[in-house]
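Worksheet: the structure to be examined is printed underneath.
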Amino acid sequence: MKLSSSFVTTLRDAPKDAETVNHKLLVRAGYVRQLMAGVYTYLPFGLKVLNKISQIVREEMDAMGASEVLMPLMHPASNWKLTGAWEKSDVLFKVKSRTKRDYALAQSNEETVTPLAKEFLHTYKDLPLLIYHINWKFRDELRSKSGILRGREFLMKDLYSFHIDQKDFDGFYKKAKEAYLKIFTRLGLTAKVTEASGGVFSEKISYEFEVLTDAGEANILYCNSCDYCVNVDDIDKYKEGEDCPSCTKSKLKSALASEVGNVFDLGQKYTKAFDLTVKNEAGINIYPIMGCYGIGITRTMGVIVEKFHDEKGIIWPKEVSPYDVHLVGLNGKGENIYNKLKENNIDVLFDDRDIQAGQKFADADLIGIPVRLVVSDKTGDKIEYKERTSNDSKLLDFEAVLSRLDR
Ligand code: ATP
Ligand code: MG
């Protein structure tokens, strides 16, 4: 991709209403634009990041044996009335048609996946069933001032599982928890697992995956010596400075965090509401146990920016960076290296614009691709190689650059 053909330009200043780092940097670097509070356009670089995050999530969902589908965003009100959420949910967006029919916009997809599964589930042999999709959600959130951390429209991966009994569910629940930790590690994040109550979804225990960041809205207490972590909003049993109730080795620390994912035990709430039964081995009709498992794709992108940036701009982890390298061409140089990188399957952003070198370097730092290459009159037949996290650059030949990019 050549920057000279990109329609998006970077901005020197952040929008006046931007309060969080992710909002400021993502707009300045040309990843997103805000249409209104909590609703964003994802520009080409932003879309690439979303696709990279989605792909990592997808690979781990597929590895668990889940099937990807794409469910509707617009639902008949009747499904939501059946489960009571039409009245109970504060965040459900309701839409009326010109024929005065009521519809709901997807705030999540239990109300569509359960009747869908009902068509295909008949006996215990059809279980477990694991269905997921990666799609937009709409929620009438009151606070949407954290950039893409809290959207009124946001991208989520939601997985739903159906099980013959609690034992089978519990086994899968553990596997899902492990898969989630793997996903966040691959995304370059350290997620702490909290135990919390299931909120409007269920009375049962749920797990939240929290990443420490001051931009987050969750108050957590955690232990530095073990995995213990709780959401303070849910319990008032423990306080900062008290011994960790799990290992007793350290004092509990309090921190702000952002919830990037969670998993819920839904029990039989939805299978009962939609009268979804299967025959067990004895030929008796039973209601399967359900679980739901969300990951906020757009929120995760925002959290990554909150975690990985400096005063100059974003610093993407390699796995989610929109490009592998940012090639800065000075004095009209670079076309040859650009083509050679592409031939070697390196996804390269080439700054071939006819502007000042200083502006090109500032943009490279702002955009945040992990490796910057420079070719100019000064570099001769070598290439200047610099990592976004380092101040040192090296002059390398093409092969040496390639082998470094391989790592
Ligand atoms: P929160 O407590 O932050 O409102 P939630 O408990 O409502 O989250 P879920 O309904 O379980 O979250 O949604 C699954 C995931 O979707 C969350 O873990 C989070 O990563 C993401 N998510 C939820 N609400 C939003 C939002 N308004 N904007 C962006 N991402 C969101
Ligand atoms: Mg919420």
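The values are calculated or read from the model by the stated rules, or taken from the named source; none is laboratory data. Treat the numbers as computed from the prediction; the structure is a model and nothing was measured. We place every Cβ from the backbone using ideal geometry, glycine too, and count neighbours over all the protein chains shown. For accessibility, only protein heavy atoms count, side chains too; no ligands or nucleic acids. Shrake-Rupley method; radii C 1.70, N 1.55, O 1.52, S 1.80 Å.
With n ≥ 4 as the cut-off for DSSP H runs, can you work out [θ] at 222 nm for the chain, using -39500 (n - 2.57) per run divided by the number of residues, rounded to the nearest 500?
On the way: 11 runs with 116 residues, N = 407.
For the chain, the value works out to -8500 deg cm²/dmol.
Anything in the chain that counts as a DSSP H helix reaching 20 Å or more along its axis (C-alpha) with Kyte-Doolittle mean of at least -0.5? List them, would you?
Numbers: long enough: 44-63 (28 Å, -0.06); 166-186 (30 Å, -1.02).
Taking the DSSP H segments of the chain (at least 20 Å long, mean hydropathy at least -0.5), we get 44-63.
To the nearest 10 square angstrom, how much accessible area does Arg353 have with a 1.4 angstrom probe?
Roll a 1.4 Å probe over it and Arg353 shows about 50 Å².
Please give the charge dipole size of segment 339-381, origin at the Cα centre, charges +1 on K and R Cβ atoms and -1 on D and E Cβ atoms. Round to the nearest 20 debye.
Values: 6 positive and 9 negative charges, 14 e Å.
Computed about the Cα centre, the dipole is about 60 debye.
Could you report the chain's accessible area per residue, 1.4 Å probe, as an integer in Å²?
Numbers: 19430 Å² over 407 residues.
On a per-residue basis, 48 Å².
Want the number for Leu73 to Asp170: 0.36 nm per residue separation, take away the alpha-carbon distance, what's left?
Values: separation 97, 0.36 × 97 = 34.92 nm, distance 2.97 nm.
Extra length available between Leu73 and Asp170 comes to 32.0 nm.
Going by a 4.7 Å Cβ-Cβ cut-off, which cysteines of the chain have no partner at all?
Flagged as lacking a Cys partner: Cys229, Cys292.
Magnitude of the Cβ-charge dipole of segment 84-140, K/R +1 and D/E -1, about the Cα centre, nearest 20 debye?
Details: 10 positive and 8 negative charges, 62 e Å.
Here the size comes out at about 300 debye.
When the accessible area of segment 1-94 is split by element with a 1.4 Å probe, what percent falls to carbon and sulfur?
Details: 2730 of 4840 Å².
With neighbouring chains kept in place, the figure for segment 1-94 is 56 percent.
How big, in percent, is the set of alpha carbon pairs in segment 67-111 lying more than 15 Å apart? Walk me through the numbers on the way to the answer.
Working: 382 of 990 pairs.
Percentage above 15 Å: 39.
How far apart, in nm, are the 7 Å Cα→Cβ label points at Thr41 and Glu87?
Calculated label separation equals 4.2 nm.
To the nearest 20 debye, what charge dipole does the chain have about its Cα centre, counting +1 at the Cβ of each Lys and Arg and -1 at the Cβ of each Asp and Glu?
Values: 58 positive and 60 negative charges, 157 e Å.
In debye, rounded to 20, the chain gives about 760.
Pop out the carbon and sulfur fraction of the accessible area of segment 272-407 as a percent, whole number, probe 1.4 Å. Don't skip to the end; give the middle numbers.
Details: 2720 of 6200 Å².
Answer for segment 272-407: carbon and sulfur cover 44 percent of the accessible area.
By the scheme Lys and Arg +1, Asp and Glu -1, what is the net charge of all other residues having a beta-carbon under 11 Å from that of Ala14?
+1
Name the residues whose placed amide hydrogens come within less than 5 Å of the amide hydrogen of Val232, ignoring near sequence neighbours (fewer than 5 apart) on the same chain.
HN-HN under 5 Å from Val232: Asn219, Ile220, Leu221.
Amide H to amide H, which residues 5 or more places from Val39 or on other chains are under 5 Å from it, using H placed in the peptide plane?
Counting only residues 5 or more places away or on other chains, the set is Arg152.
Which one of Ala400, Ala37, Tyr293 is farthest out on the positive end of the charge dipole of the chain, using unit charges on Cβ (Lys, Arg +1; Asp, Glu -1) and the Cα centre as origin?
Looking along the dipole axis, the top candidate is Ala37.
For the pairs Lys137/Lys307; Lys177/Lys251; Lys192/Lys279; Lys174/Lys269, note any where the Cα-Cα span goes beyond 32 Å. Let's see the in-between values first.
Details: Lys137/Lys307 24 Å; Lys177/Lys251 26 Å; Lys192/Lys279 39 Å; Lys174/Lys269 21 Å.
Result: Lys192/Lys279 exceed 32 Å.
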